[in-house]
Each structure stands twice: as structure tokens, then as C-alpha cells.
Amino acid sequence: MSSQPSITIDYERATEALGLIWQAYDKKQGLFSEPKLFPQLIRPKGLEDDDERFATYQFFVNSQDRRHEANMLWGKARKLTEKQLEENGKFIFDPGLINALSLNTVRETIADPMALSMNGRVQELQDIATILTTEYDGSPLNIFDGVEHFDEAVKRIKRFPGYGEHLAPQIICYFSQQGFIEKLEGGYPKIDIHKSRIPISLDLFQTGPLVNRLNVERAALELYQWFAQEQSISVFELTEAVWALGAYVCSPNLKRKKTASIGCQNLCPAKEYCTSLPPPPKKQDYPHKKATGRYFHRIDKRDKQLALPLGGLEAKLNNSK
């Protein structure tokens, strides 16, 4: 009889480890005190707390978010928005305005300042503006009119260029977090390599032979949904917190660097459960108490190196027991 891939979740250990991560996220401690962690939630100056234009800004910019360039993209978009509001009082991401512009003008006024000079991405911005203007009265929040289930909202948003399986649920989560829309029924977050890595690092899975990435993603989703239900919290916010930990601290590429011990020892709320914790940092390496800012300054330059190759994760899983 051939062996079947199997993963057993250690729910007791998971309750303790994920509890520490959620507590740090909820209280904005350690890693989660860094504003750059979620640049999409930083409001441009000139937009008030309840200003629905912030939702429109997020909808346009999020369509171009490819994660490895997130801080650069959102930083440039934020500066562009603030500059236009201050200098001429115009909201640069007004769908009606973008829809009326020529493609070259969209490139010069929006895409180039955001480093989105590729023709395809410029066209995406204008196509989004066209759909919003002609079908949703210029507001992405109108997409949710009459929608009660998460999957229906995802289906509607995926009609927009740039939005797929990952970005569509993401923008719904942002809108819900900020109170722009009511919480929808159902739905689940997409699991990527960073969200899959954390349960492995924290030894929350007992794995059998022949385990692959798909098996891990399914087990991780099951774990996160269970924990969120047990704690009565948002599974989307939980996985965002886990993603940040996996991308900015727990990446194998970062752990090979000199700064690894700063990230793991100072920023990881669940380090006591980690099975691959680097040694404590030497004082001569980082003598300053405020290590977080220095750490992020360095990893900002390495955002493109944060992904662990598929084979690397599977090899670690199948050789760990």
C-alpha cells in the first residue's frame, strides 16, 4: 500500500503560539508597531478618517500591489495623492477624472510617479476607472450593494483588471477593517508561502511522507479558520498578521543574514515556540535599543528576496521527521 500525505495539527500548541502572535498584532507591539508593515492602511494627508475617497485610493493602488514592491508602491501613491491635494485640491484617483484622461496623460500624471510605466499597468488603471464610472457611480463601495456573501463580492471585484484570487479578498478585508462596508458572510483568505511557513517554523504540524505545498496550504487554512473561530476574531486579520511575520522576520533568506537575530529575538512574539531560532544578536552588531527601525531599513532593500522556493519548503517538511 502506498503512503498518503498527512498533516496533523497540534491544536494545543497552536492556541498558545498563535495567541501570542494575535496579541502582539492586536496591541501593535514589537513587529506590529512598525507602520511600514501595512502601508496600504496609511491614510494620505488631506483625507479624513471617514472620507470614502480613501477607499477609492486603496482600490486603485491595491490593484497594482505585487507584495515585493508594496512599500515603494504605496509610498509613491501616498505622496502623489498628498501633492495633488495640496497643490490644486484635486483627488488624483477620482475615477471620473482618470476615465476622461488619455492613456498618455494617465501614464504621465499617475503611472510614472508610481513607477508603473508598463503599458499594461497603465491600461489597467484606466479600465478600472471606466468600470467604476460607468457601473458603480464612481465609487468602489457601490460594488457591495446588495452583496451579502464574501464569494459574491470576490466575483464582482475580479472583473476589475489587476484583481485575482489574492488581491480581491484583500481589498474586501481592508474595507471591512476600516468600517467602509459591513462584514460579509463566508469567505476565506488565500494562503501563500509566508502564511504556510509559520506553522512549520513553530512546529504546529506533524507531517507524514509525501507532503507537498498544497497539503500545507490546506492544513494552514484549516488551522487559521479554527483559531479565528475559537477566539472570535477575523481570520483575514489573523492571516495578515501571520503573513507579515512570515515575510519580514521568518523568511529563510532573512535568517541567513546578520540581521536575522534582531528580527527573531526582538520582533517575533512567538519565538519561544520556534524550531529554527537564530542565536541572540551581539551587542557590537546592534548596540542601539531601537533595533526595529534599523532592521526594517535594511530589509526594505531586500523585499524581492522574501519568497522561499517551492522545493525548499517541501524538502524541509519531508526531511523534518
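Rule-based calculations on the coordinates, nothing more; no lab input. Because the structure is predicted, anything quoted here is derived from the model rather than measured. Don't worry about glycine lacking a Cβ; one is built from the backbone with ideal geometry, like all the others, and counts go over all protein chains shown.
The calculated FRET efficiency for the pair LEU103 and SER234, based on their C-beta separation and a Förster distance of 30 Å, comes to about 0.20. Sorted ascending by nearby beta carbons within 10 Å, beginning with the fewest, TRP74, TRP22 become TRP22, TRP74. Taking the stretch 20-51 and a reference point 7 angstrom along Cα→Cβ of ALA115, no backbone N atom is nearer than 13 Å.
DSSP loop (so not H, G, I, E, B), at most 14 other Cβ within 10 Å: list which trypsin sites (Lys or Arg not before Pro) in the stretch 1-96 pass both filters.
The qualifying sites are LYS27, LYS28, LYS45, ARG66, LYS90.
Taking 22 Å as the limit for the C-alpha separation, the pairs LYS76/LYS190; LYS90/LYS158; LYS27/LYS79; LYS158/LYS190; LYS45/LYS183 exceed it in the case of LYS76/LYS190; LYS90/LYS158; LYS27/LYS79; LYS45/LYS183. Highest mean first, the peptides 191-201, 225-235 sorted by other C-beta atoms within 10 Å per residue fall in the order 191-201, 225-235. Measuring r between the beta carbons of GLU217 and GLU182 and using R0 = 30 Å, the FRET efficiency lands at 0.55.
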